[in-house]
Amino acid sequence: MGFADLSIAEIAADYSIPVEKVFSLCNQLGIAYKHQKTRLALEDAKAIISQISTETRPKGTSDLEGDNEVT
């Protein structure tokens, strides 16, 4: 498993959320950590970032263009 070279603190800073929120996501996703400087495995970082994106995306929007059908 590769490393993303991102720490919990860096993800929190990049997404303007509290470190405690990233800790909470780690707990929800079963990702082990020791402190905010813990470096994350690539798959763990991707899972956290995906969850952040899901929670911050306004309802009714999507990452895909053209997926809203006009009727």
Can you check what the net charge comes to around residue 21, using other residues whose Cβ is under 15 Å from the Cβ of residue 21 (Lys, Arg +1; Asp, Glu -1)?
-4
Of 7, 53, 16, ordered by accessible area with the largest first and a 1.4 Å probe, the sequence is 16, 53, 7
Quick query: amide H of residue 31 versus all other amide H atoms, modeled in the peptide plane; which residues come in under 5 Å with a sequence gap of 5 or more or a different chain?
none
If amide H atoms are modeled at 1.01 Å from N in the peptide plane, then the residues at a separation of 5 or more from residue 36, or on another chain, having amide H under 5 Å from its own are none
Rough spin-label spacing in nm, given labels placed 7 Å along Cα→Cβ, for residue 32 and residue 53:
2.7
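Computed FRET efficiency, Cβ-Cβ of residue 39 and residue 17, R0 25 Å: what is it to the nearest 0.05?
Numbers: r = 18 Å, r/R0 = 0.74.
Efficiency computed from Cβ-Cβ geometry: 0.85.
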Under a plain spin-label model, where a point goes 7 Å from the Cα along Cα-to-Cβ, how far apart in nm are residue 24 and residue 3?
2.8
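The values are calculated or read from the model by the stated rules, or taken from the named source; none is laboratory data. It should be emphasised that the depicted structure is a prediction, and the values quoted were computed from it without experimental measurement. Glycine gets a Cβ as well: all are built from the backbone with ideal geometry, and neighbour counts include every protein chain shown. Surface accessibility is based on the protein's heavy atoms, side chains included, excluding ligands, DNA and RNA. Shrake-Rupley method; radii C 1.70, N 1.55, O 1.52, S 1.80 Å.
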